[in-house]
Structures are given as structure tokens and as C-alpha cells.
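K.L.:
Provided herewith is a single structure, encoded as C-alpha cells, for subsequent inquiry.
All of the numbers you see were taken from the coordinates with simple rules; none came from a lab. Worth saying up front: this structure is predicted, and the values here are computed from it rather than measured. As a convention, Cβ positions derive from the backbone with ideal geometry for all residues, glycine included, and neighbour counts pool all protein chains shown.
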Amino acid sequence: MLNTQVDQSDSTFDVLPMSMSIEKVLTEDQSLADVRTALDKGSGSILLDASQWLDLCDVDCQNELIKLGNRLGKVVQRGKTESPIWRVESKPDKAMPSFSEQSNDAPFHTDASYYPAPMKYLIFLSITPASQGGENLILSHRRLLDSLREKENGREIISILSQSEFPFSMSPSFHVDSSKELPLEVAPVLSDDSIRFQIKAIRNGFHRKPELMSTKKVYAIEQLESHLAGFMKNRGEKLKAGQMLIVNNWRALHARKAFGNEKRLLFRASVEAELE
Ligand SMILES: [Fe+2]
């Protein structure tokens, strides 16, 4: 059975810790259904214990992660790597590192906002935690809306973010196939039950589609960005080795605090929704 108590303290945001074994999720339909319910109808993120996978070699561990992702939907290839599993680690020498390749704060965002249907689930498996920092932060769409409504200009911001079309553009550094146009999607930031937001993607989008830029829209995304920055002060969740965080990328934003050593390593799988 699910533990339905969501920790409302500032430490874990909306992450629901689940006590079921990872093997059950892989083999039992009811356990998988419980995971889906928490991700799709609950807070949008869960923590699972996959420490038994740490005894496996990297390839076998990644294969288990792919199996789990394919139970939830379809694991998709991202970036230029051979494996669909992305190694989330700091790459200080890279010229244009993404959020996941830097060791400073990664602000709240959703992934792949520039696609018509961003991947639905992100699975992060902690292999080597940072010795200092590196906590993950999750903020559900629901809690974001509640907190915005408490702000003086919050309802105005919500209205602009949900009723205006924003251009989201992929960063050129992510573009694998230069024969194709750089992905760009036009969509609202908020809908009734979902969110799409990455400040850099919208800034890139405004650059490419200046006709979609307006003072009102710039005001709304800057207000949202500074509102989200306030949540970065919270403590977050430091994943232990073998802990797995699954996030519904349509219903929750994720962020990561700066970390101090270069050895922090997570495996990440990106999962597309199954066709209905
Ligand atoms: Fe991300």
C-alpha cells in the first residue's frame, strides 16, 4: 500500500517516499499502478529504493533502469550519447554545459519544453552523491499555483502564463541533427494541470520569434523566475546512493543545488508517455 502522507516541510517539497521494492515495480502490475497513481494523480514525484542495483556493473544497472522506464512508458534517447541513459555529472571543461553538466545551482525548470510533447517522466538514480550540496528540489504545479495565488500580483501572473503563447526554443548546444531545424514549440507556460518552463528556452524563443515577445509576457516570466528562486533556499532532498527519484515532468518542476565535489554521478532516463 502507498504511504499517502506527503511531507509538507521545506525539506522534501512534494516528494512521496515509497517503501515498495524496486523488484515489485518491475514485476507486479499493482505496484506499477501505485507508482503511476502517485506520479499522475498525486504530487508528481516519488522516491524509491534501488540500492540493490548498486551491486551491478554500470551496464546491467542501466539496463534495469531502462526496463523500469519502459514499464512506465518508452525510454527515449537524448543528446549525442550511445546509451539512452544520461550520466548526470559535472563537465567543467565543456564550452556550453547544460544545467546537468554544471556544479552550480540549476534553477527550477521542466525538461524538453521545446518539444510538442515533452517527455513525461524523468528517472534519476543516484550512484555517487556529492560530498557537499547537490540536493534535488521538486515543486509541484499545484504547490506553485497555491504559492503564486498568495502573492499580491500572483493571479495576474497566472493569467498571463496560462493565456499567452510563449515560444520555447532548444539551445543550439543540444542540437544533434543540424540538417533539421532547431526545435521550437509555442505553448502557454501553465495549463490546468501541467507546466512547461525553462527560462533559457523562452529567452531563446523570444530571440527567434520576437513577434511573440511582449512587455507583459517578459514581466510574467521574470516574476515567475524570481518567485521560483525563492524556493531554492529550501533544503531539498539529498539522494543517497541507490535512491531513485521519479518526476512527472508535466506536473512538477525540478531543480538542483550547487555541489562541491566533481564526483557526483546520477543516471537519468527520460520516458515518453505511452500512447493512449
Ligand atoms: Fe532537468
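K.L.:
Scaled to the compact-protein estimate 2.2 N^0.38 Å, what is the alpha-carbon radius of gyration of the chain, rounded to two decimal places?
P.N.:
0.98
K.L.:
Any idea what % of Cα-Cα pairs in the range 25-135 are farther than 26 Å?
P.N.:
24 percent
K.L.:
Give the residue list of GluC sites (Glu not before Pro) in the range 168-274 that are DSSP loop and have at most 11 other beta-carbon atoms within 10 angstrom.
P.N.:
Those that pass, being in a loop and sparsely packed, are Glu181, Glu274.
K.L.:
Which whole-number percent is the relative contact order of the chain (Cα, under 8 Å, 6+ apart)?
P.N.:
Computed value for the chain: 35 percent relative contact order.
K.L.:
In cubic angstrom, how much convex hull volume per residue do the alpha carbon atoms of the range 63-208 span?
P.N.:
Considering the Cα atoms of the range 63-208, their hull volume per residue is 150 Å³.
K.L.:
Let me ask you something else. With a point put 7 Å past each Cα toward its Cβ, work out how far Ser21 is from Asp40 in nm, to one decimal.
P.N.:
Roughly 2.6 nm, to one decimal.
K.L.:
Separate question: So which trypsin sites (Lys or Arg not before Pro) in the range 100-176 end up in coil per DSSP with only 15 or fewer other C-beta atoms within 10 Å?
P.N.:
Those satisfying the criteria are Lys151.
K.L.:
Can you tell me how the range 117-162 classifies by the Cα gyration tensor, rounded, prolate or oblate, using a/c under 1.5 as the rounded cut?
P.N.:
Oblate shape, in that a/c is at least 1.5 and b/c is the bigger or equal ratio.
K.L.:
Check Ala50: other-chain or 5+ apart residues with amide H under 5 Å from its amide H, H built from backbone geometry?
P.N.:
The answer is Gln243, Met244.
K.L.:
222 nm [θ] for the chain, helices only, -39500 (n - 2.57) per DSSP H run of 4+, per residue, to 500?
P.N.:
The helix-only estimate for the chain comes to -8500 deg cm²/dmol at 222 nm.
K.L.:
Put a dot 7 Å past each Cα toward the Cβ at Val218 and Ser191; how far apart are the dots in nm?
P.N.:
With each label point 7 Å from Cα toward Cβ, the separation is 2.9 nm.
K.L.:
Taking only the C-alpha atoms, wrap a convex hull around the range 163-266 and report its volume per residue in Å³ as a whole number.
P.N.:
152 Å³
K.L.:
For Lys217, go through the lysines and keep the ones whose alpha-carbon is under 27 Å away, minus same-chain ones fewer than eight residues off.
P.N.:
The reachable lysines, counting only those whose Cα sits under 27 Å from Lys217, are Lys120, Lys151, Lys200, Lys209, Lys233.
K.L.:
Projecting each Cα onto the charge dipole of the chain (Lys/Arg +1, Asp/Glu -1 at the beta carbon, about the Cα centre), which of Ser19, Ile157, Ser131 comes out farthest on the positive side?
P.N.:
Ile157
K.L.:
Then there is this: Which of the aspartates and glutamates could a cross-linker bridge to Lys24, judged by Cα under 15 Å and excluding same-chain residues fewer than eight apart?
P.N.:
Partners within reach: Asp34, Asp49, Glu64.
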